[in-house]
Amino acid sequence: IGLTTWRNANAVASVVSLDVNPSIQLQVNKNEKVLSAEALNEDAQIILEGMDLKGTQLKVAVNAIVGSLLQNGYLDRISSAILISVEDQDSQRAARLESDLTAEVGAALQNASAGAAILSQTLSTDTDLNALAQSSNISVGKAAMIQDVQGLNSQLDFDALAALSVEELKQLRETGAPAMPIGKDAAA
């Protein structure tokens, strides 16, 4: 009984990723306790700096991450977006977590008077998508979003899209992905 309890407490049931441009991945057990929090890029390392989220409840960890994203200026503009992705073999648990986390992030953004958009999705485990995400140092959720954009325009390069923010990917998806954006600096 003790071994089964230990396995359940330490087995990954869900993978939750939060993407703006910082990409953060949380591995969570069935009890919604964080088993690990991983910064997938340099920006995410700054967001997670000084945080020890292992063993905390998922909602507490997400609130801490959103607070750090706000504090570091990633979600303070109307032209920003956060992508919440839940990867789980149990589709009902994934849908519930997606809904709960979207509400939690929405409340945090409303309390901070931030105008960022919230995007969310559930995913089932896909080893090809996992490998693609890992090779590009992005979350599986962002990789899935990039594949959606590439479905609209197959001429767009995956690695170039991986460098974009979630807001830029959202805009590409909404406009039918006619071409790669030139970027804010070039536009200015």
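I'd like the Karplus ³J(HN,Hα) series for region 142-150: coefficients 6.51, -1.76, 1.60, θ = phi - 60°, whole numbers in Hz, and an x wherever there's a Gly or Pro.
These are the phi-based 3J(HN,Hα) values: 5, 4, 5, 5, 5, 4, 4, 5, 5 Hz.
For region 38-154, what relative contact order do you get, as a whole percent, if you take Cα pairs closer than 8 Å and at least 6 residues apart?
Computed over region 38-154, the figure is 27 percent.
Would you calculate the separation in nanometres between label points at Val60 and Ser113, each defined as 7 Å from the Cα along the Cα-to-beta-carbon direction?
That separation, rounded to one decimal, is 3.0 nm.
Quick one: grab Rg to one decimal and Dmax as a whole number for the chain, Cα atoms only, in Å.
Over the chain's Cα set, Rg and Dmax evaluate to 16.5, 63 Å.
For region 60-157, state which GluC sites (Glu not before Pro) are in a DSSP loop and have at most 12 other beta carbons lying within 10 Å of their beta carbon.
none
Could you give the Stokes-Einstein D for region 84-148 in µm² per second, using the C-alpha Kirkwood radius, 37 °C, 0.692 mPa s?
Numbers: Rh = 12.8 Å.
In µm²/s, the coefficient is 257.
For Leu123, which sequence-distant residues (separation of 5 or more, or a different chain) have an amide H within less than 5 Å of its own amide H, given hydrogens modelled in the peptide plane?
Val86, Glu87, Asp88
For the chain, what is the charge dipole size about the Cα centre, in debye to the nearest 20, if Lys and Arg each add +1 at the Cβ and Asp and Glu each add -1 at the Cβ?
Values: 12 positive and 23 negative charges, 103 e Å.
Result for the chain is approximately 500 debye, rounded to the nearest 20.
With no solvent and one equal point scatterer placed on each C-alpha of region 117-188, evaluate the Debye formula and give log10 I(q)/I(0) for q = 0.23, 0.27 Å⁻¹, two decimals.
After summing over all Cα pairs, the log10 values are -1.08, -1.36.
Give me the one-decimal Kirkwood hydrodynamic radius in Å for region 57-166, with the sum taken over alpha-carbon pairs.
Numbers: mean 1/r = 0.0671 Å⁻¹.
Averaging 1/r across every pair of different Cα atoms and inverting gives 14.9 Å.
Taking amide H positions as placed in the peptide plane 1.01 Å from N, state which residues far from Val12 in sequence (5 or more) or on other chains have amide H under 5 Å from it.
none
For region 1-111, restrict the atom set to alpha-carbon positions and state the Rg and Dmax in Å.
Both quantities, over Cα of region 1-111: 14.1, 51 Å.
Describe numerically, in nm with one decimal, the distance between label points set 7 Å from Cα along Cα→Cβ at Gln71 and at Asp126.
About 3.5 nm separates the two model spin labels.
Starting at the first residue of region 50-58, write each ³J(HN,Hα) from the Karplus equation 6.51 cos²θ - 1.76 cosθ + 1.60 with θ = phi - 60°, in whole Hz, x for Gly and Pro.
Once rounded to whole Hz, the list reads x, 9, 10, 8, 4, x, 7, 5, 4.
Rounded to whole Hz and in sequence order, give me ³J(HN,Hα) for region 92-101 from the Karplus expression 6.51 cos²θ - 1.76 cosθ + 1.60, θ = phi - 60°, writing x for Gly and Pro.
In residue order, the calculated couplings are 5, 5, 4, 5, 5, 4, 4, 5, 4, 6 Hz.
Where the centre of each part is set by its Cα atoms, how far does region 146-173 sit from region 35-78, in angstrom?
Going from one Cα centre to the other spans 24 Å.
Any read-out appearing in this document is the output of simple, stated calculations on the displayed coordinates, not a laboratory observation. Just so it is clear, the model here is predicted, and its values are computed rather than measured. Please note: Cβ atoms are built from the backbone with ideal geometry, for glycine as well, and neighbour counts cover all protein chains shown.
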